[in-house]
Amino acid sequence: MADDFFPQEFQDRLSEIGNADLVIGIPTHNNAATIQSVVTSLVAGLGKAFPNRRAVLINCDAGSHDGTSDMFQNPHSKHAETLCVQHPIPAVHPLITPEHGVPGYDSALRTLFHVAEQLEAQACAVVNGNLKSVTPEWVGSLLSPIIERSFDFVAPLYRRHKNDGSLTNSIIYPVNRALYGKRVRYQSGGAYGISQKLAASYLTKDVWGGEVAQLGIESWMTTVALAEGFEVCHASLGQKVQDSRAAGGELAVVLSQAVGSVFGLMEEYEEVWELRKGSSPVPVFGVPVEVTTEPVHVNVERMVKAFRQGLRDLLPIWELILSHETMAQVLPFGLLDVEDYRFPIEVWVQVIYDFALAYHQKVVHRDHLLKALTPLYLGRTASFLMETKESSADQVEQNIERLCEEFEAQKPFLTERWR
């Protein structure tokens, strides 16, 4: 299969290598500022965690024009061979860069999985080339659970400021936890460990090059592992810091990509999540790292104003999407003063499940539906920030836990109406 996938020159290089125990892929796009530190950390980590294993580092580059590939130099280490390959960028949405900052990320991952397959690697890892916080310890944390304990999917677990990651904390994590029954925190983490068995399964899927893969490949990988019964765990990686030039994007676009991926996969795996109840934690490997997180500055008043503006501009669309009961609870929020403003978690869960049902039933055009969620998301985020303004990080975690439990408690509402 891989013989037809790679250019002949690259195929010859793979044949020369023959086989490897471990493969680490580094997807890049104009990451000259960070690529050398990433490679140095990974090589050091291989020497520390797997001194007797044969490893290959592969740079999967999306046409960088800042010399990234040139800076991905052979580290002259006995612990790793190095490979460089340019991967194509699908033309589904050529002007939209996903939140992780790597266009054609799905092509990079597909390349990585093919390399791992051809080299008969026992495990592979992916570490984004725009990450500034990679340490040598990441290698053992991501790959040891696979090599030593037979896990299939190792998801990252980061330490973040209490105000950071609101999209993950308020929608992505609690919804997926309620759906698939596993408490995997991050669906877009930029660093993963993947077993030979799971990588081979990914390659059989009819998703590569399509919209789901281009805009939500990390969410898709995580969901496949959870829904199809692979063994999943966390790797404690400390703080996640990525090159600011690759981070972020317009909120409505980022939210549409992330939530649209979740809703789309609900349709593919409906027979799985409809039967799952409650949730359970997954094992955590690696040494917890104490980090000092940078403060995240937010403007709550602006978020409340955005919610009110949405209430004025999008009311006809919200009335199509939200149930009468949910709409009746949301409307009064627009009349509250900022200091009194609250968006209770019970109502927020109803909102998200109503949007999921409307997406499934195609009540309105799906792009319009997803963008119509943005003011509501800002309204709920503003409420969360005010509720937790004086809270410690542990207390914020308790607040997120209550939200997750509410998503699980209201799941029967979703399953009863889904079909």
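The values are calculated or read from the model by the stated rules, or taken from the named source; none is laboratory data. Predicted model, so just to flag it, every value in this text is computed and none were measured. Here the Cβ positions follow ideal geometry from the backbone for every residue, glycine too, while neighbour counts run over all protein chains shown. Heavy atoms of the whole protein, side chains included, go into the accessibility calculation; ligands, DNA and RNA do not. Shrake-Rupley method; radii C 1.70, N 1.55, O 1.52, S 1.80 Å.
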_Set Ala246, Ala235, Ala227, Ala258: member being at pLDDT 95 or above, among the small types (Gly, Ala, Ser), farther than 24 Å from Ile147 by Cβ and surrounded by 19 or more Cβ atoms within 10 Å (Cβ to Cβ)_ = Ala227
_Glu319 vs. criteria acidic (Asp, Glu), open to solvent by 10 Å² or more (accessible area, probe 1.4 Å), assigned to a helix (DSSP H, G or I) and out of contact with any helix residue (DSSP H, G or I) (no Cβ under 8 Å at 6 or more places or on another chain)_ = no
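Among Arg342, Arg308, which is touching a residue at least 12 places away in the same chain (Cβ under 8 Å), farther than 23 Å from Arg177 by Cβ, in a loop (DSSP other than H, G, I, E, B) and over 27 Å from the mean Cα position of the chain (by Cα)?
Only one candidate qualifies: Arg342.
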*Quickly run through segment 347-366 and pick out the residues that are surrounded by fewer than 18 Cβ atoms within 10 Å (Cβ to Cβ) and under 20 Å from the mean Cα position of the chain (by Cα).*
none
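Yes or no: segment 362-374 includes at least one residue that is free of Cβ contacts under 8 Å to residues at least 24 places away in the same chain and not in a loop (DSSP other than H, G, I, E, B).
Within segment 362-374 (the criterion being free of Cβ contacts under 8 Å to residues at least 24 places away in the same chain and not in a loop (DSSP other than H, G, I, E, B)), the answer is no, since none of the residues qualifies.
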*Restricting attention to segment 387-409, and to residues there that are among the hydrophobic types (A, V, I, L, M, F, W, C) and open to solvent by less than 40 Å² (accessible area, probe 1.4 Å), which single residue is farthest from Ile171 (Cα to Cα)?*
Val396
*Please enumerate the residues belonging to segment 128-175 that are open to solvent by 20 Å² or more (accessible area, probe 1.4 Å), in a helix (DSSP H, G or I) and in contact with a Ser or Thr (Cβ under 6 Å, 6 or more places away or on another chain).*
Ser166
*Could you please find all residues in segment 13-30 being within 15 Å of Thr82 (Cβ to Cβ) and open to solvent by 50 Å² or more (accessible area, probe 1.4 Å)?*
Arg13, Glu16
*Scan Ala33, Ala49 and give me the residue that is surrounded by fewer than 24 Cβ atoms within 10 Å (Cβ to Cβ), over 26 Å from Ile146 (Cα atoms) and at pLDDT 90 or above.*
Ala33
*How many residues does segment 139-153 contain that are among the polar types (S, T, N, Q) and in contact with an Asp or Glu (Cβ under 8 Å, 6 or more places away or on another chain)?*
1
*Scan segment 183-204 residue by residue and report those that are open to solvent by less than 10 Å² (accessible area, probe 1.4 Å) and either assigned to a helix (DSSP H, G or I) or basic (Lys, Arg) (or both).*
Leu198, Ala199, Tyr202
